[in-house]
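The values are calculated or read from the model by the stated rules, or taken from the named source; none is laboratory data. Source: prediction; values computed, not measured. Here the Cβ positions follow ideal geometry from the backbone for every residue, glycine too, while neighbour counts run over all protein chains shown.
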């Protein structure tokens with residue numbers, strides 16, 4: 001077993017994250033995770049009885065850190081345009097760095113409903129009212145078209161999330177390799193913002 005300053009649990013989480021990124025949840029094996037962590041399968045099973053429990057721990061930890069950060073961007077004092085740019089870039093970076101997160105979140109939301117976020121955020125209900133009020137102010141000032149503020153929120157989330165959720169289908173239809181797909185995703189930091197802001201111009 002490796003000896004370092006990390007706790008065994010942190011060691012396992014770090015190794016599992018790398019294996020999940022490389023193999024995906026379905027193809028990842030507990031023995032591969034144990035090998036990557038430098039521990040025996042017995043020790044791994046002592047800390048995490050199943051791959052799903054380990055997967056949940058890692059995914060929830062990432063979402064728990066990322067969600068407040070993304071909400072803080074929406075509710076910040078940035079200009080409307082900069083707010084959209086920052087949110088889109090942050091969301092897409094999260095998906096690139098943690099490609100299994102979108103599928104995990106959708107699966108858990110479908111299974112648990114609102115309870116998923118209640119547990120994840122420990123009862124702290126997300127509040128996007130400052131963002132919605134900002135949109136209303138932009139409409140009133142004549143800077144953007146008259147639109148339900150929630151539609152802008154839904155458009156933004158959808159345009160960022162869909163390519164990650166539909167990745168296998170998009171690769172199959174377009175016949176692109178992994179690196180080309182990642183290039184297209186990186187480009188969306190610009191393209192999604194351009195589409196949104198141009199579509200909202202009066």
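Among the listed residues 182, 200, which satisfies the condition of being under 20 Å from residue 89 (Cα atoms) and touching a strand residue (DSSP E or B) at 6+ places or on another chain (Cβ under 8 Å)?
Testing whether each residue is under 20 Å from residue 89 (Cα atoms) and touching a strand residue (DSSP E or B) at 6+ places or on another chain (Cβ under 8 Å) leaves just 200.
Quick check, is residue 31 more than 24 Å from residue 120 (Cβ to Cβ) and either modelled with pLDDT of 85 or more or under 20 Å from the mean Cα position of the chain (by Cα) (or both)?
Criteria met by residue 31.
Is at least one residue of the stretch 58-65 at pLDDT 90 or above and either in contact with a helix residue (DSSP H, G or I) (Cβ under 8 Å, 6 or more places away or on another chain) or over 16 Å from residue 105 (Cα atoms) (or both)?
So far as the stretch 58-65 goes, no, none of its residues is at pLDDT 90 or above and either in contact with a helix residue (DSSP H, G or I) (Cβ under 8 Å, 6 or more places away or on another chain) or over 16 Å from residue 105 (Cα atoms) (or both).
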